[in-house]
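Inspection log for the structure reproduced underneath, given as structure tokens.
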Amino acid sequence: MQSDTVIALEGVSRTYGAGPTAVRAADGIDISFRRGSWTAVMGPSGSGKSTLLHCAAGLERVDAGRVMLGDTDITTLDDDELSQLRRTRIGFVFQSFNLVGALTAEQNVALPLRLAGRRPPRAEVRNALAAVGLGERAGHRPRELSGGQQQRVAIARAMVTRPEVLFADEPTGALDTGAARDVLRLLRASADNGQTIVMVTHDPAAAARADAVVFLRDGRIVDRLAGADVRAVADRLVALEA
Amino acid sequence: MLRLSWAGFRERWTLFAGAVLTVCLGVALVQSSLLLLVSASTTSAPAGAGALARMSFDASTEAAVALLGVTLGFAALLAVFIISSTFAFTVEQRRRELALLRLVGGARRQIRRLLLAEATLLGLVGSALGVPVGVALMGVQTWLLHRLGFVPDGFSGQWRLWIVAVSVGTGVVLAVVGVSLAARRAARVRPLDALRDTGEATRVMTTARLLTGLLFLAGAVTLIGLSPVGGAVGGQAMAMNVSVCAAIALTLLGPSLVPAVARLIPARAAGVLGGLATANLRDDRRRTASTAAPVIVLVGLVLGQASASSSFTAAGQLEQQRRISADLVIDAPGPTGDRVTTTPGVASASTEVEVPIALTTGSGDLAYTRSATALLVDPAGYGRTHPGAGDLTALRQGAVVAGPGADGFSPGDTVGVRVGDQDLGSLPVVAAVPQAIGGGATVLLPAGVVPAEQLADVPSHTFVQLLPDVSRQQAVSTLTEVGTVSDLDSWLERDSVARTATSTGVLIMVMGLGGLYALIGVINSVVVAGATRPREFAAVRVTGFTRGQVVRAAVLESIMVAFAGLLLGLLAAAGTLIGVIATTAAVAGTVTVDVPWLLVGAVVVGTVLVTAVTSALTTRAATRQPPVALLGARQ
Ligand SMILES: Nc1ncnc2c1ncn2[C@@H]1O[C@H](COP(=O)(O)OP(=O)(O)OP(=O)(O)O)[C@@H](O)[C@H]1O
Ligand SMILES: [Mg+2]
């Protein structure tokens, strides 16, 4: 394994159900992500993108293969160790923002740190919010924020622990073009600062902001483009879906 | 973590208020019953009372202790049941929120600790409120006890300081126990379940729950099977407990049963609203079952106990009617002596005086003395008015006969009898009259053993048989000088009501207060179920439903769930009726069933009404905000 590889999937397979209705959502996936890289994952609906992300993050059990985060094979970890992983080395952002409705933006961001038993200084949390451009919205609850703002709170929450990898599943899927652009700009800036990002998306424009794009079909990686523009990504996707 | 809890408190206060309310009332009910029980068992007769009066006092407090024991048992059962199911329900309703915590790195242990800390806090708050409410409730219960004549004048419930510890302990322990099982399950939730409703989240029926449910069901069936061989007393107790077991069993099996039963309701007829309501109650089986649970308990317990009690009263009355052969009954103070027998037209008469006694059964180390009653009779007269009593010629001075309410001894045994301060010593049991469903005196004694002057104002009743061709009216007018004359049927009716006063008292004390508590459980579960659904309602509204339609669909859904609960509750109550049929057939020879239809109707209509109104109010509250406001915030 190369020393600058942060996370690597080795022969990862995952089948849902059994018998004739079984779905092979991940079928022997081999892929590694370098430190500071931003990789977009694309493919037709049902091709296994979310499954890949969930397996890589230890949210979903794998049937075969290993997931190496640094020197740790996370498929062998027990639930407590995985929980700890989630609040230290891994961050998530989802299409539905998954904020706790009862908590303010600030409290949501502080949540992983508090779960880790830390009492984060106010400044640390405020800085994380300021980094996503929401410094003055700290006291607002999710329902008082726009969709784009909620997603930025979610990103701040995922990043506040300085995770080794940030996983994002269609982070712009529920946002309009303007809000999506803000989120992508944020991700670009983090990647440039050395943050490793793995992002599932349907949007060729979003994928084109990443360093590389991998294409999935039927649970298998079928292609990979590096530094492609929107046009090239869109064409490749259309070809896949045909 | 506690900050999170606090934020959660404010956000879902209805959920937590409901939990606090159940703890508060449960603690109050248990506390009041326990204090009264302790007070009753430590009171003693006022100084200066005569020996027989003291004995009456003891007998009456002993009855009160028994009654309060049952009340306490039921209160504890209801408290355990309603508190634990409410707390479990509040945890289930927060499954998604908890999965979210897991998603951002919460360990299982942390989720469990959070929930247990919350339960402790809610338990503390609930018991703190429950203690003063319990004091007020004790006033109500004492008043009831006086009204029902269960306690002597001057009795009052006494406050004890230690009760605070007991009450708070009860509240906290029940809350924590209720939560701990649910917390274990909730902590097992996989983080991914925050993103969708699959896997563990939709599994409602656990093996443990299924097995416990089946165990209680087997218990109910066994009780039905044993009730005909339990004798008059045992059979009645077993029959009454059938509905308790059955209600618990059906509640535990609820997640499987309730949706299936609700499916029987033809909701399709109600159009698109009915369709939505049915889909909803099938979709969230856990919510459906939790809402139906208190209805099952309420209906099963109240109607089961009430119909058993009224059936046994009716059976007791019928039985007496068959066994006693008399034309008139005279109630008089003290024995009537030969004033009745010398009245022209009277063929024969049997005067009976019931006195309290201390009865000792067993001997040596096993000797056990308790309050009981003896019927002072003239054996020959008793035999004539009770043709089925058997041969009582052996009943003379120095012997006893096992009475209709005898329990724990039989002919051939020896029992010790003390009447007032007069010890009659050890007496052989020489015969037994048939046991009666309505109970009665424990032993029969010959009239002469208690000096007449001691009995001067003890109430007596005299069964009178008239000569065939005598004017009844004339006899009545002559006998009125002796005492109050009634015909047999109306006298028996009064007597059987008095005899079953204990079970009626249990019914009023336990079912009245307990039923109210269960009703609050019903309201609570509807509130909890509705409080967590604003987003769901909002989603329905943006697809084109008006607010009114959403409310109507939710009300329809609640009514269907209430109906399913009612049906299952009635099934549990029916279990008790089977026990009643078996017991009355075995003990009295004929089946007697008396269902209090008015009460059944009131409970059914009341439950549906309460559920519908609560559901309408909570749904209105949950849809107050415009739907976009709710859908905008993605959790
Ligand atoms: N929990 C599950 N149980 C059963 N089948 C599942 C489960 N999760 C995913 N699948 C199936 O696995 C396949 C891959 O699903 P996945 O969610 O990974 O697709 P995706 O590429 O993310 O699709 P989309 O772009 O629509 O989000 C699909 O056929 C899906 O039906
Ligand atoms: Mg997906």
Considering residues of the range A:165-214 that are assigned to a loop (DSSP other than H, G, I, E, B) and within 14 Å of another protein chain (Cβ to nearest Cβ) only, the residue nearest to ligand 1 (Cβ to nearest atom): A:Glu170
Residue selected from the range A:34-55 under the condition more than 10 Å from ligand 2 (Cβ to nearest atom) and open to solvent by less than 10 Å² (accessible area, probe 1.4 Å), by the criterion nearest to A:Leu237 (Cα to Cα): A:Met42
Residue among A:Gly17, A:Gly43 that alone is under 16 Å from A:Asp218 (Cβ atoms), within 14 Å of chain B (Cβ to nearest Cβ) and within 12 Å of ligand 1 (Cβ to nearest atom): A:Gly17
Criterion violated by A:Glu144 - all others in (1) touching a residue at least 24 places away in the same chain (Cβ under 8 Å); (2) more than 18 Å from A:Leu187 (Cβ to Cβ); (3) at the interface with chain B (Cβ under 9 Å from one of its Cβ atoms) satisfied: (1)
B:Ala574, sole failed condition from (1) of a type in the set (A, V, I, L, M, F, W, C); (2) closer than 24 Å to B:Arg282 by Cα; (3) in a helix (DSSP H, G or I): (2)
Where A:Val67 falls short, out of the listed (1) within 16 Å of ligand 1 (Cβ to nearest atom); (2) within 26 Å of A:Asp203 (Cβ to Cβ); (3) not small (Gly, Ala, Ser): (2)
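Which of the residues spanning the range A:59-85 are small (Gly, Ala, Ser) and facing another protein chain (nearest Cβ under 10 Å)?
Looking only at the range A:59-85, we keep the residues that are small (Gly, Ala, Ser), and these are A:64-65, A:70, A:83.
Listed by number, the list holds a single entry, A:Ser83.
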Count of residues meeting criterion [within 16 Å of ligand 2 (Cβ to nearest atom) and either touching a helix residue (DSSP H, G or I) at 6+ places or on another chain (Cβ under 6 Å) or free of Cβ contacts under 8 Å to residues at least 24 places away in the same chain (or both)] in the range A:56-86: 2
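Take the range B:347-365 and flag every residue that is among the charged types (D, E, K, R) and at pLDDT 85 or above.
B:Glu352, B:Glu354
Please indicate, with yes or no, whether at least one residue in the range A:169-185 is under 14 Å from the mean Cα position of the chain (by Cα), open to solvent by less than 60 Å² (accessible area, probe 1.4 Å) and of a type in the set (A, V, I, L, M, F, W, C). Explain how you work it out, then say what you get.
Initially, the range A:169-185 is screened for residues under 14 Å from the mean Cα position of the chain (by Cα), giving A:169-173, A:183-184.
Then drop every residue that is not open to solvent by less than 60 Å² (accessible area, probe 1.4 Å), which leaves A:169-173, A:183-184.
Filter again for of a type in the set (A, V, I, L, M, F, W, C), leaving A:183-184.
Yes; the residues of the range A:169-185 include at least one that is under 14 Å from the mean Cα position of the chain (by Cα), open to solvent by less than 60 Å² (accessible area, probe 1.4 Å) and of a type in the set (A, V, I, L, M, F, W, C).
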The range A:86-103, residues that are more than 8 Å from every other protein chain (Cβ to nearest Cβ) and either of a type in the set (A, V, I, L, M) or within 26 Å of B:Arg535 (Cβ to Cβ) (or both): A:Ile90, A:Gly91, A:Val93, A:Gln95
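For the range A:104-115, what are the residues that are hydrophobic (A, V, I, L, M, F, W, C) and more than 7 Å from chain B (Cβ to nearest Cβ)? Show your work before the answer.
So in the range A:104-115, the residues hydrophobic (A, V, I, L, M, F, W, C) come out as A:105, A:109-111, A:113, A:115.
Of everything in the range A:104-115, those that are hydrophobic (A, V, I, L, M, F, W, C) and more than 7 Å from chain B (Cβ to nearest Cβ) turn out to be A:Ala105, A:Val109, A:Ala110, A:Leu113.
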Every residue from the range A:97-126 that is within 19 Å of A:Ser146 (Cβ to Cβ), surrounded by 23 or more Cβ atoms within 10 Å (Cβ to Cβ) and at pLDDT 85 or above: A:Ala105, A:Asn108, A:Val109
Any hit, the range B:77-88, residues being within 30 Å of A:Leu85 (Cα to Cα) and either out of contact with any His (no Cβ under 7 Å at 6 or more places or on another chain) or within 14 Å of chain A (Cβ to nearest Cβ) (or both): yes
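Specify the residue that is most open to solvent (accessible area, probe 1.4 Å); the eligible residues are those in the range B:465-500 that are within 24 Å of B:Leu392 (Cβ to Cβ) and more than 39 Å from the chain's Cα centre (by Cα). Steps first, answer last, please.
Looking only at the range B:465-500, we keep the residues that are within 24 Å of B:Leu392 (Cβ to Cβ), and these are B:465-467, B:488, B:491-492, B:495-496, B:499.
Still in the list and also more than 39 Å from the chain's Cα centre (by Cα): B:465-467.
Details: B:Gln465: 33, B:Leu466: 27, B:Leu467: 79 Å².
Among them, the one singled out is B:Leu467.
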Hits in the range B:360-397 - residues which are of a type in the set (Gly, Ala, Ser) and closer than 17 Å to B:Phe409 by Cα: B:Gly362, B:Ser363, B:Gly364, B:Ala367, B:Ser371, B:Ala372, B:Ala374
Among the candidates A:Val183, A:Val230, residue that is among the hydrophobic types (A, V, I, L, M, F, W, C) and farther than 19 Å from A:Val93 by Cα: A:Val230
Residue within the range A:23-33 that is within 16 Å of ligand 2 (Cβ to nearest atom), open to solvent by less than 20 Å² (accessible area, probe 1.4 Å) and within 14 Å of chain B (Cβ to nearest Cβ) present: yes
Flag if B:Gly438 is part of a loop (DSSP other than H, G, I, E, B), of a type outside the set (Val, Ile, Thr) and out of contact with any strand residue (DSSP E or B) (no Cβ under 6 Å at 6 or more places or on another chain): yes
Identity of the residue in the range B:97-124, surrounded by 18 or more Cβ atoms within 10 Å (Cβ to Cβ) and more than 22 Å from A:Gln84 (Cβ to Cβ), that ends up nearest to the other protein chains (Cβ to nearest Cβ): B:Glu118
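Residue-wise test of (1) away from ligand 2 (no atom under 16 Å from the Cβ); (2) among the acidic types (Asp, Glu).
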| site | (1), (2) |
| --- | --- |
| A:Arg141 | yes, no |
| A:Glu144 | yes, yes |
| A:Gly147 | yes, no |
| A:Gln150 | yes, no |
| A:Thr161 | yes, no |
| A:Val165 | yes, no |
| A:Thr172 | no, no |
| A:Gly178 | yes, no |
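Of these, A:Leu129, A:Leu134, which one is modelled with pLDDT of 85 or more, touching a Gly at 6+ places or on another chain (Cβ under 6 Å) and more than 9 Å from chain B (Cβ to nearest Cβ)? If you could, list the steps in order and put the result at the bottom.
On the way: A:Leu134 fails: touching a Gly at 6+ places or on another chain (Cβ under 6 Å).
Result of the check over A:Leu129, A:Leu134: A:Leu129.
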The range B:547-566 residues that are farther than 30 Å from B:Ala247 by Cβ, paired with ones that are open to solvent by less than 20 Å² (accessible area, probe 1.4 Å) and outside any helix (DSSP H, G or I) (beta carbon under 8 Å, 6 or more apart): B:Arg547/B:Thr623; B:Val550/B:Thr623; B:Val551/B:Thr623
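To keep it simple, each residue is scored yes or no on (1) open to solvent by 70 Å² or more (accessible area, probe 1.4 Å); (2) under 34 Å from the mean Cα position of the chain (by Cα); (3) free of Cβ contacts under 8 Å to residues at least 40 places away in the same chain.
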{"residue": "B:Arg339", "(1), (2), (3)": "yes, no, no"}
{"residue": "B:Thr343", "(1), (2), (3)": "no, no, no"}
{"residue": "B:Ala347", "(1), (2), (3)": "no, no, no"}
{"residue": "B:Val353", "(1), (2), (3)": "no, yes, no"}
{"residue": "B:Pro356", "(1), (2), (3)": "no, yes, no"}
{"residue": "B:Ala374", "(1), (2), (3)": "no, yes, no"}
{"residue": "B:Arg384", "(1), (2), (3)": "yes, no, no"}
{"residue": "B:Val400", "(1), (2), (3)": "no, no, no"}
{"residue": "B:Asp421", "(1), (2), (3)": "yes, no, no"}
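Among the residues that make up the range B:175-182, is at least one of them exposed (fewer than 14 other Cβ atoms within 10 Å of the Cβ) and assigned by TED's automatic domain parsing to the domain that holds B:Leu68? Quick ask: steps written out before the conclusion?
Filtering the range B:175-182 down to residues exposed (fewer than 14 other Cβ atoms within 10 Å of the Cβ) leaves none.
No, every residue in the range B:175-182 fails to be exposed (fewer than 14 other Cβ atoms within 10 Å of the Cβ) and assigned by TED's automatic domain parsing to the domain that holds B:Leu68.
This table checks each residue for (1) surrounded by 24 or more Cβ atoms within 10 Å (Cβ to Cβ); (2) outside any helix (DSSP H, G or I); (3) without any contact (Cβ under 8 Å) to a residue 12 or more places away in the chain.
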{"residue": "B:Ala237", "(1), (2), (3)": "no, no, yes"}
{"residue": "B:Ser290", "(1), (2), (3)": "yes, no, no"}
{"residue": "B:Val297", "(1), (2), (3)": "yes, no, no"}
{"residue": "B:Ser310", "(1), (2), (3)": "no, no, no"}
Boolean, B:Ala293 is out of contact with any Pro (no Cβ under 9 Å at 6 or more places or on another chain), at pLDDT 85 or above and within 21 Å of B:Leu570 (Cα to Cα): yes
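The values are calculated or read from the model by the stated rules, or taken from the named source; none is laboratory data. What you see is a predicted model; the values in this text were computed from it and never measured. Methodologically, a virtual Cβ is constructed for each residue, glycine included, from the backbone with ideal geometry; neighbour enumeration extends over all protein chains shown. When the accessible area is computed, the model is the full protein with side chains, heavy atoms only, and any ligands, DNA or RNA have been set aside. Shrake-Rupley method; radii C 1.70, N 1.55, O 1.52, S 1.80 Å.
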